[in-house]
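Notes follow once the structure below has been shown.
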Amino acid sequence: MQFALIPYSVAQWGIGYTSPGDWRVNLYANYYSGARRALFTNPEDTITDFSPPWISFDLGLQIPIFERVQLTVFLENLTGNTYEKAHRIYQPGLTFRLGLQSAF
C-alpha cells in the first residue's frame, strides 16, 4: 500500500564549479515519481489516481560584486515545463530568485 502524497521515488543530483575568482555555479536535476492523490478528488478522478512523474533542472549562481558581497541567482525549472509539484499545486514554469549575500 502506498500512502497518499508520498511518492514512490525521489532523486536529486547536482554538480557544481567554483572559479578562482569565487564565482560559483551549480546545476541540479530533480526527479519525482508521482504520488497517490487521496485527500480529495475531482469528479473525473478515482481515489487511486496518481499525480504524473516529472523531472526538472535548476541553476544556482553566486557572483561576487564587492569584496564581501555576492549576488545570488537561482533559476528553477530551466525547461519551463509546467508540472504538478505537490498535490494539485503546479509549478508555473521558469521562476527565479535574486538576492545579496554578505560575509561581514
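Taken together, the values in this text are just the output of simple stated rules run on the coordinates, not laboratory data. Values in this document were obtained by computation on a predicted structure and should not be read as measured data. For neighbour counting, all protein chains shown are included, and Cβ atoms are generated from backbone atoms with ideal geometry for every residue, glycine included.
Can you give me the relative contact order of segment 7-104 as a percent, contacts being Cα pairs under 8 Å and 6 or more apart? Walk me through the intermediate numbers first.
Values: 205 pairs, mean separation 20.5, N = 98.
About 21 percent, as a whole number.
Would you mind finding the longest exposed-site-free stretch of the chain, with exposed trypsin sites (Lys or Arg not before Pro) meaning DSSP loop and at most 16 other Cβ atoms within 10 Å?
Between exposed loop sites, the widest span is 1-67.
How would you rank THR82, THR72, going from fewest to most other Cβ atoms within 10 Å of each one's own Cβ? Could you put the intermediate results ahead of the total?
Working: THR82 11, THR72 14.
With the sparsest Cβ surroundings first, the list reads THR82, THR72.
List the residues whose amide H sits under 5 Å from the amide H of TYR83, counting only those 5 or more places along or on another chain, with H placed 1.01 Å from N in the peptide plane.
Placed amide hydrogens put GLN91, GLY93 under 5 Å from TYR83.
Quick one: Karplus J couplings for segment 6-19, per residue in order, coefficients 6.51, -1.76, 1.60, θ = phi - 60°, nearest Hz, x for Gly and Pro?
9, x, 5, 9, 9, 9, 9, 10, x, 9, x, 9, 10, 7
Using the Kirkwood radius over C-alpha pairs as Rh, can you work out the diffusion coefficient of the chain via Stokes-Einstein at 10 °C, viscosity 1.306 mPa s, in µm² per second?
Details: Rh = 16.0 Å.
It comes out at roughly 100 µm²/s.
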